[in-house]
Amino acid sequence: MNRKLRLLDLVLLVVAGLLFWRLRAEWTQSRARDFALLNKGLPATNVPGLAPLENVGPISVMDFAEVALKNLFSPDRNANVIVDPPKPPPPKPQPPFPVAHGVMLWDGVPPTIVLSEKAGGPQKGYHPGDTIGPWKLVSVDNRYVDFEWDGKDFKKRIDELIDQTPIAQIAPPPPAPSAAPPPPAAAQAGTTNLSSSSPQVGKDTGGGFKACVPGDNSPNGTIIDGMKKVVTATPFGSGCTWEPVK
């Protein structure tokens, strides 16, 4: 066993020696090539001289026109002013539709619609083909009416054209001023003005009762000559009478 190990060690030692010799030979050859390259001289080469520059002419402003056109911060960037196209005229305002008041449809007679140009205007019957103000009546039936204006067709419901303005209610006349009541001191024919200090009894009305004198403002319950003044409320005002004292 030991003999085999020794032979193996000897073989390995021989292999290592061969590798070392090979590497050293490679290294020696490489250094020789490097020294040969460094010591080798390069042949001289003639280098031609630089061509002379062309003469620069005088500077002109027009030569930089393109630069100015492409410069965003130059005021004369673009000398060609683009004019905006003219704006189209505004559309004409659409006039208000006529006001409808009714439709008359009979067999054998062209349909007729009663219109007025505006609310409260005069009413007139129109047939298809007639014009009312700026509108031309094209056709009409029991529900719709067709108008033409400015080359355009408009179809409207008849109930939409009926005047919906509420009718103003007529205010009742103011009440007549009520007649001022006669002054209590006003004298009447056949009567005597009395004050509360001197009450008097009127004419006999029968049954022992007597009437009050107009203008008598003595208080209720006043007694004179055995007669007592009695004032009662009635639907037509206050009633006054003198009755015997019981």
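Bear in mind these aren't lab numbers, they're just calculated from the coordinates by the rules spelled out. Bear in mind the structure is a predicted one, so any value in this text is a computation, not a measurement. No Cβ is skipped: glycine too gets one built from the backbone with ideal geometry, and neighbour counts run over all protein chains shown.
Quick notes on this one:
- Relative compactness, region 14-56, computed as alpha-carbon Rg over 2.2 N^0.38 Å: 2.65
- Nonlocal amide H pairs with I132, under 5 Å, H built at 1.01 Å: L137
- Cα gyration tensor category, rounded, prolate or oblate, for region 61-160 with a/c compared to 1.5: prolate
- Compared with the direct C-alpha span, the chain from K155 to K92 gains 20.8 nm at full extension, assuming 0.36 nm per residue.
- Counting only residues at least eight positions apart within a chain, or on another chain, the lysines with an alpha carbon under 21 Å from that of K203 are K228, K229, K246.
- Taking amide H positions as modeled 1.01 Å from N, with prolines and chain starts lacking one, the residues under 5 Å from D163 and 5 or more places away or on another chain are A100.
- Likely footprinting exposure, C212, C240, fewest C-beta neighbours within 10 Å first: C240, C212
- Annotation note: trypsin sites (Lys or Arg not before Pro) in region 107-158 located in DSSP loop regions with a Cβ neighbour count of at most 15 within 10 Å are K118, R143.
- Gyration tensor verdict on region 103-153 (Cα atoms; rounded if a/c is under 1.5, prolate if a/b is larger than b/c, oblate otherwise): oblate
- For region 1-141, alpha-carbon Rg and Dmax in angstrom: 56.4, 148
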